[in-house]
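Chemist: To start, I am sharing the structure in question, which I have written as structure tokens.
Since every read-out is calculated from the coordinates, none of them should be taken as a lab result. Just so it is clear, the model here is predicted, and its values are computed rather than measured. FYI the Cβ positions are ideal-geometry reconstructions off the backbone, even for glycines, and counts take in every protein chain you see.
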Amino acid sequence: MIGCFPIGTRALAETKANALVLGRVYAAGYAPIVPSSVTVSPPCGSVVATGYAGQAGNFEIVRPPCGTVHAAGYAATVRTNSARAAHAYLNVLEDSSVALTQGTENAAFPAKRLYDRRVAQPFKTSSTGTLEVHVDQGSSPAEVDRLIIPSGHDLSGLTVRLEYSYEDVAWMTAAEFVAHNSVLDAAFTPVTARFWRFTVDNPSRVVTIPEIFLTKVYTWDRLPQRPGGPEEPQLNASSIETVAGEERFIVNGPPRRQMQYTLKSIPDAQKAALLALWSSWAGGNPFWVFSHRGAWIFCKFTEDPKISEVYAGRHDAKVSLLEVV
């Protein structure tokens, strides 16, 4: 979206005269548009400002390419992003002692499936009644601020409660809600507690849960440029050819959403977070990404993130992701 506003004759002349001067910052979304005397180091085409009017991070003001001729009243391109992107890869259950303190597992769908990152293979209880999952992180607990449960559960309409304790005696509630039938996402104030307790109160049916993620969310400092890659999902199908030359088709599962994000001029902190995500992925540990479409998606990398330094403390990256089902 490009902001266009009426400007005076003198201001228009100044804008035209200075529009292609390198290192000059131009105001966007104001009238009249008059170049300031502030100089910047990024080259033409790079992001030089983010956010305005209390909406920091939702807009990126981008310098035009060198040699571009502006129409009267246009000073910069403003890219609008619909959602604040984020990711989460930690699951504290994986490095904890996990036990069912109420309810029993179905031996064919054991409790270890609650934290194996294989969302297509769920955990199930063996009977009705309250389910309580007890988690002990040990002496070096990690900070947690989010509970995520993938779709494929049957908790819709049931009350779910997440509690924490520092000594396994007094318990405090981090989140409590009535579940719906898609991805469950409960955010809460960050807590560093050794003990956690996940409870489903007195269900009248056997409970199915693909995974319980107790995690820490990293919200991206800079948003990806729009668009966010292909709009269509990738078909999850393959084909083989018989000896006789006949082609046979196999549908392996539902279509998978895909995202391709271009990140410009990200700070060192976001670079470090992307590298940590890449290291955690390690070719086999899917993770969660809150996409530009406003939904948590269980993902994998389809290629390395291609992080490169553009100048001191700033980096460009390209992130290609595919949904894991």
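Chemist: Would you kindly give the portion of the calculated P(r) for segment 158-280 that falls above 26 Å, as a percent of all Cα pairs?
Modeler: Pairs farther apart than 26 Å: 54 percent.
Chemist: OK, next. In debye to the nearest 20, how big a dipole does segment 149-297 give about its Cα centre with +1 on each Lys and Arg Cβ and -1 on each Asp and Glu Cβ?
Modeler: That gives a dipole near 400 debye.
Chemist: Between Q234 and S279, what is the spin-label point distance in nm, taking each point 7 Å from the Cα along the Cα→C-beta axis?
Modeler: For Q234 paired with S279, the spin-label model returns 2.6 nm.
Chemist: Just name one of L158, P141, T215: the one whose Cα is farthest towards the positive end of the charge dipole of segment 88-218 (beta-carbon charges, Lys/Arg +1, Asp/Glu -1).
Modeler: Result: L158, furthest along the dipole toward the positive end.
Chemist: Once Rh is set to the Kirkwood radius over Cα pairs, what Stokes-Einstein translational diffusion coefficient, in µm²/s, holds for segment 88-218 at a temperature of 10 °C and a viscosity of 1.306 mPa s?
Modeler: 109
Chemist: Moving to a separate point now. With r defined as the distance between the Cβ atoms of A170 and A120 and R0 fixed at 35 Å, what FRET efficiency is calculated, to the nearest 0.05?
Modeler: Once the sixth-power term is evaluated, E becomes 0.40.
Chemist: Any chance you could run the full-extension gain for E246 through H180? It's 0.36 nm times the residue separation minus the Cα-Cα distance, nm to one decimal.
Modeler: Difference between extended and current length: 19.3 nm.
Chemist: Taking each pair of distinct Cα atoms in segment 220-323 once, what is the resulting Kirkwood hydrodynamic radius in Å?
Modeler: About 15.4 Å, per the Kirkwood formula over Cα pairs.
Chemist: To the nearest 20 debye, what charge dipole does segment 217-319 have about its Cα centre, counting +1 at the Cβ of each Lys and Arg and -1 at the Cβ of each Asp and Glu?
Modeler: Approximately 420 debye in magnitude.
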